[in-house]
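Let me begin by presenting the structure, written as structure tokens, before commenting on it.
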Amino acid sequence: MLGLDKKDTSLLIIVAILTLLAPFILNPFPTGSAMAQFNAGYPDLMQRFVIFGIFAIGFNILFGLTGYLSFGHAAFLGVGSYSAVWMFKLLSYNVIPAIALSVVVAALFSLLIGYVSLRRSGIYFSILTLAFAQMSFALAYSVLSNPKFNLTNGETGLQVYADDPQIFHRDSLPDMPHLFGLSMRSTYKLDIGAWSFDFNAGYYLCAVIMMVMFYLAIRIFRSPFGMMLRAVKSNQQRMNYTGLNPRPYTLAAFVISGMYAGLAGGLMAAMDPLAGAERMQWTASGEVVLMTILGGAGTLIGPVLGAGFIKYFENIFSKINDNILHQWFSFLPDGIEDFMVFIVHPFIGKGWHLTLGILFMLVVIFLPGGLVEGGQRLGKWIRNRGKGATDAKTKQEPAE
Amino acid sequence: MSNNELTRRGLLRTGAVAGAGVALPTIFTASSAAAYTNEPTGGTVTLGFNVPQTGPYADEGNDELLAQQLAVEHLNGEGDGGCLNTFTSKALKGNGILGKKVTFVTGDTQTKSDAARASAKSMIEKDGAIMINGGSSSGVAVAVQGLCQDAGVIFMAGLTHSNDTTGKDRKKNGFRHFFNAYMSAAALAPVLSKEMGADRRAYHLTADYTWGWTQQESIAAATEAMGWETVNNVLTPLASTDFSSYIAPVLNSGADVLVLNHYGGNMVNSLTNAIQFGLLDKVANGKDFKIVVPLYSELMAAGAGENIKGVLGSMNYNWQLDNEGSKAFVKSFGEKYGKPPSNSAQTCYAQVLLYADACERAGTFNPCGVAEALEGFEFDGLGNGKTLYRAEDHQCFKDVLVVRGAQNPTNAYDTLEIVEVTPVEQVMYAPDHPMFGGAEASLGECNSGA
């Protein structure tokens, strides 16, 4: 379907089903039960899952295919957010022009940075992109937010004020981002028994865009262009000797992934019309690298999984506090209860970084291919379990 | 590699899928039937405590969290009741709020606008929080206040000192108990003039972000009004940890006072650098060189250690204040946690009680009703003395403390001594003051999310 082979089509369908049914899948526990703490099916987090999914898919086009490790991708995300909020301020709260401009601006910005940074490769490239991103962060945080020329509104973050022009805004339209009148915040709550599921308009907009972006990524991966990018990764020198100039290919990949980042930034602003400078900080750039590696660099679905994994920890584990722990362990005798809380305490709440770090280490050490490799191993183990006995007999020993 | 054959069936199928995708969002436009966002229906009501647990202001955030937990205990009738006994409004009975037991959820703002909004959103969307409280930075406060306005819940700001929070960024659903940069300046200026004379020349080092600018603007205006001259204002990047290169030119600038418009770690480092350069031992223009830190906190004082001796600054609250409310709060906080409460802890504690009290008086959790109950509310007995929640901008007006680094601290907690309690009349300003957004600034409409 859609010009994909059978395997890719089924992958796309799986992704589509997962994203469309996410409100059900992410809310497996009844509201009000003790396990409801682990439910992730509320609009804000679901939006984040898919938006960072888009960001990571784009990053993977650069890192997974060409092997160029950019440490400055958050700059494009931030630039996208700022352009989207400016569209809200100047035109109206409609998300279409905002998202369109964020992609265009991110493309131009990444062309500029890519043109300079791609003159070097390896660690020098990474450092150059990092330097550019930190420069953008400093610009956004203070230089471009002085009272005389306020482009970014600094620490407070760029937001829409009542006295902004908003020339296409009419009173009948909602006072927050909307798609031709459909507010991004409107949510339909479905109650089935003890369960409650949220269907949010903003989430479904992001989800549809992510599926399109995922499809585009598959096409890029399978195209001759994608093959050239892989060639850059496997042996750039040999590519040079065969008379090919890799720079146009790497630059194109850089700009494409920058546009993905800009799109993600625009969507973030569309879901929540505020753009903060922290979005551009180096930690944000590092986060997308982690997402990609955690999920599986160079694989199609990996970055999306990685993004979901990290966002889940950031939002769910950081909210568990000692009170909740005491509830969990309340069935134990007092002394043991306190002891258990004491043991678990460093890993929850503000310690979520620690938990994530440990898991990241485990994945990198035992599953170098990321979560995708874990899934593959599991799949192989399940498939081989049934026919394990027969396989062993028919398996031929190689001749010594 | 790619397969681009276009068949009639394929096209139809693609069209159908795309059409369904486009049509999908329009199905979900209905909203729920509740009268306002997160109307509590069971026997409990959930408050959201959004404080920095990691990052540069983590110490303050954790202190806020302790105070908030204490407030919840007192509301539910546990512990010794704290300020419920001294509060002039007697609406709270120690049986929760409006008969519902108070529970709370916590989140980490990381002192980043984005993270703070994500955390507040998850409290509102997932946990059903009806009020958000806490925070230790003005950028975060303004960002979360905007979110609460849009979502239709009440925001009770924690530590936020920028004029903008209740100035140009004021919101109908947002309330601030903490004082602001203008008040700091208005309280400090007369004391500075009395202690240092009216003909000083000031050199400003200012953290290069929203709060720094409003702080510098306020203090420069207030000191110039009484005769001081501002020699120079140098903006320093927020991420700086070494201020030596900014301190060195101060000596040759002809200034005799250094004003450090810094907060948190910035202030600790810049003050330490200034002391290392021996600024306080210098004589300029025939006068002893002085240093001023407009906004103080206990945690900064502890960080700066010996260096704050004799340095003047201002505070919203200090545990050494001698009034009934303050004593009750310090006693309950001290007994539970074994240390006196900080500035930021007190403001969060007071905000939680004020919110609960407003709900009781309004007889509802509806944000519009609660906001109405808070507007123009006069009270006493929460530690700061007589206080007014002004209706026009949702800013609390109360006495401001001018403090000085103690010369001979007797223990780890009395590092600051109170120089003067500036009466509230002296720090009052008009709601349409130019530093607060001027005449255009408005609260907007109350939003209950219905």
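The values are calculated or read from the model by the stated rules, or taken from the named source; none is laboratory data. Please read all numbers here as calculations on a predicted model, not as lab measurements. When we count neighbours, we look across all protein chains shown, and the Cβ atoms used for this are built from the backbone with ideal geometry, even at glycine.
Just checking, does region B:226-236 include any residue being under 17 Å from B:R200 (Cβ atoms) and crowded, with 23+ Cβ neighbours inside 10 Å?
Let us first name the residues in region B:226-236 that are under 17 Å from B:R200 (Cβ atoms), namely B:226-233.
With crowded, with 23+ Cβ neighbours inside 10 Å added as a condition, the list becomes B:228.
Checked against the condition, which is being under 17 Å from B:R200 (Cβ atoms) and crowded, with 23+ Cβ neighbours inside 10 Å, region B:226-236 yields at least one hit.
If you go through region B:287-321 one residue at a time, how many are over 19 Å from B:T223 (Cβ atoms) and not charged (D, E, K, R)?
Qualifying residue count, region B:287-321: 16.
Can you find, within region B:426-445, the residue that is farthest from the other protein chains (Cβ to nearest Cβ) among those that are surrounded by fewer than 19 Cβ atoms within 10 Å (Cβ to Cβ) and within 30 Å of B:E39 (Cβ to Cβ)?
Only one residue fits best here, namely B:E445.
Among the residues of region B:206-251, which ones are more than 14 Å from chain A (Cβ to nearest Cβ), of a type outside the set (S, T, Y) and in contact with a Leu (Cβ under 6 Å, 6 or more places away or on another chain)?
Residue satisfying the conditions is B:V250 alone.
Could you please tell me which pairs satisfy a Cβ distance under 6 Å, a separation of 6+ or placement on different chains, a first residue in region B:150-164 that is over 10 Å from B:S137 (Cα atoms) and touching a residue at least 60 places away in the same chain (Cβ under 8 Å), and a second residue that is assigned to a strand (DSSP E or B) and among the polar types (S, T, N, Q)?
Cβ pairs passing all conditions: B:M156/B:N133.
Of the residues that make up region A:107-115, is at least one buried (at least 17 other Cβ atoms within 10 Å of the Cβ) and modelled with pLDDT under 95?
For region A:107-115, residues buried (at least 17 other Cβ atoms within 10 Å of the Cβ) and modelled with pLDDT under 95: absent.
For every residue, the table says whether it meets (1) modelled with pLDDT under 95; (2) crowded, with 24+ Cβ neighbours inside 10 Å; (3) over 21 Å from the mean Cα position of the chain (by Cα).
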residue	(1), (2), (3)
B:P340	yes, no, no
B:S344	yes, yes, no
B:C348	no, yes, no
B:V352	no, yes, no
B:D357	no, yes, no
B:V370	no, yes, no
B:F377	no, no, no
B:N384	yes, yes, no
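Being crowded, with 19+ Cβ neighbours inside 10 Å and modelled with pLDDT of 90 or more is the filter here; which residues of region B:188-211 pass it?
If the condition is that a residue be crowded, with 19+ Cβ neighbours inside 10 Å and modelled with pLDDT of 90 or more, then B:L188, B:A189, B:L192, B:M196, B:R200, B:A202, B:Y203, B:H204, B:L205, B:T206 are the ones that fit.
Which condition number in (1) surrounded by fewer than 24 Cβ atoms within 10 Å (Cβ to Cβ); (2) within 14 Å of chain B (Cβ to nearest Cβ) is the one that A:T299 fails?
(2)
How many of the residues in region A:185-202 are within 16 Å of B:G152 (Cβ to Cβ) and either of a type in the set (V, I, T) or more than 9 Å from every other protein chain (Cβ to nearest Cβ) (or both)?
Qualifying residue count, region A:185-202: 1.
Please name all residue pairs, on different chains or six or more residues apart, with Cβ atoms under 7 Å, provided the first residue is in region B:285-296 and is within 16 Å of B:S253 (Cβ to Cβ) and the second residue is part of a strand (DSSP E or B) and among the charged types (D, E, K, R).
Close Cβ pairs satisfying both conditions: B:N285/B:R201.
So which residues in region A:148-174 are facing chain B (nearest Cβ under 8 Å), among the acidic types (D, E) and part of a loop (DSSP other than H, G, I, E, B)?
A:D163
For (1) in contact with a helix residue (DSSP H, G or I) (Cβ under 7 Å, 6 or more places away or on another chain); (2) of a type in the set (G, A, S); (3) more than 18 Å from B:P294 (Cα to Cα), each residue gets a yes or a no:
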{"site": "B:K126", "(1), (2), (3)": "no, no, yes"}
{"site": "B:A143", "(1), (2), (3)": "yes, yes, yes"}
{"site": "B:H161", "(1), (2), (3)": "yes, no, no"}
{"site": "B:D164", "(1), (2), (3)": "yes, no, no"}
{"site": "B:A187", "(1), (2), (3)": "yes, yes, no"}
{"site": "B:S193", "(1), (2), (3)": "no, yes, no"}
{"site": "B:G197", "(1), (2), (3)": "no, yes, no"}
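Checking B:Q320 against (1) more than 26 Å from B:G79 (Cα to Cα); (2) touching a Ser or Thr at 6+ places or on another chain (Cβ under 9 Å); (3) surrounded by fewer than 18 Cβ atoms within 10 Å (Cβ to Cβ), which single condition isn't satisfied?
Only one criterion is unmet by B:Q320, namely (1).
Which condition from (1) within 10 Å of chain B (Cβ to nearest Cβ); (2) surrounded by fewer than 21 Cβ atoms within 10 Å (Cβ to Cβ); (3) in contact with a Gly (Cβ under 8 Å, 6 or more places away or on another chain) is the one that A:S145 breaks?
Failed condition: (2).
Kindly evaluate A:I310 against the criterion of being among the β-branched types (V, I, T) and either within 11 Å of chain B (Cβ to nearest Cβ) or assigned to a loop (DSSP other than H, G, I, E, B) (or both).
no
Counting only residues that are in contact with a Leu (Cβ under 9 Å, 6 or more places away or on another chain) and assigned to a loop (DSSP other than H, G, I, E, B), which one in region A:110-145 is farthest from A:A252 (Cα to Cα)?
It comes out as A:L144.
Against the condition in contact with a Leu (Cβ under 6 Å, 6 or more places away or on another chain), crowded, with 22+ Cβ neighbours inside 10 Å and modelled with pLDDT under 95, how does A:T156 come out, does it pass?
no
Quick check on region A:259-280. Is at least one of its residues in a helix (DSSP H, G or I), surrounded by fewer than 18 Cβ atoms within 10 Å (Cβ to Cβ) and either out of contact with any Gly (no Cβ under 7 Å at 6 or more places or on another chain) or among the hydrophobic types (A, V, I, L, M, F, W, C) (or both)?
Among the residues of region A:259-280, not one is in a helix (DSSP H, G or I), surrounded by fewer than 18 Cβ atoms within 10 Å (Cβ to Cβ) and either out of contact with any Gly (no Cβ under 7 Å at 6 or more places or on another chain) or among the hydrophobic types (A, V, I, L, M, F, W, C) (or both), which makes the answer no.
Out of A:F76, A:F38, A:F29, A:F55, report the one residue that is at pLDDT 95 or above, within 14 Å of chain B (Cβ to nearest Cβ) and touching a Phe, Trp or Tyr at 6+ places or on another chain (Cβ under 9 Å).
Of the residues listed, the single one that is at pLDDT 95 or above, within 14 Å of chain B (Cβ to nearest Cβ) and touching a Phe, Trp or Tyr at 6+ places or on another chain (Cβ under 9 Å) is A:F55.
Taking the options A:L18, A:L4, name whichever one is more than 15 Å from the chain's Cα centre (by Cα), farther than 18 Å from A:N315 by Cβ and at the interface with chain B (Cβ under 10 Å from one of its Cβ atoms).
A:L4
Taking A:L205, is it surrounded by 15 or more Cβ atoms within 10 Å (Cβ to Cβ), within 13 Å of chain B (Cβ to nearest Cβ), within 20 Å of the chain's Cα centre (by Cα) and in a helix (DSSP H, G or I)?
Details: surrounded by 15 or more Cβ atoms within 10 Å (Cβ to Cβ): yes; within 13 Å of chain B (Cβ to nearest Cβ): yes; within 20 Å of the chain's Cα centre (by Cα): yes; in a helix (DSSP H, G or I): yes.
When the stated conditions are applied, A:L205 passes them.
Just to be sure before I move on: is B:I275 outside the structural domain of B:C83 (by TED's automatic domain parsing), among the β-branched types (V, I, T) and under 30 Å from B:K386 (Cβ atoms) in the structure I sent?
The answer is no for B:I275.
A:F221: buried (at least 20 other Cβ atoms within 10 Å of the Cβ), more than 10 Å from every other protein chain (Cβ to nearest Cβ) and not in a loop (DSSP other than H, G, I, E, B), yes or no?
No; evaluated as a whole, the condition is false for this residue.
Under 6 Å by Cβ, and 6 or more places apart or on different chains, what pairs join a residue from region B:337-350 that is over 19 Å from B:N76 (Cβ atoms) with one that is outside any helix (DSSP H, G or I) and among the aromatic types (F, W, Y)?
B:P340/B:W319; B:P340/B:Y413; B:P341/B:W319; B:N343/B:Y317; B:Q346/B:Y317; B:T347/B:F178
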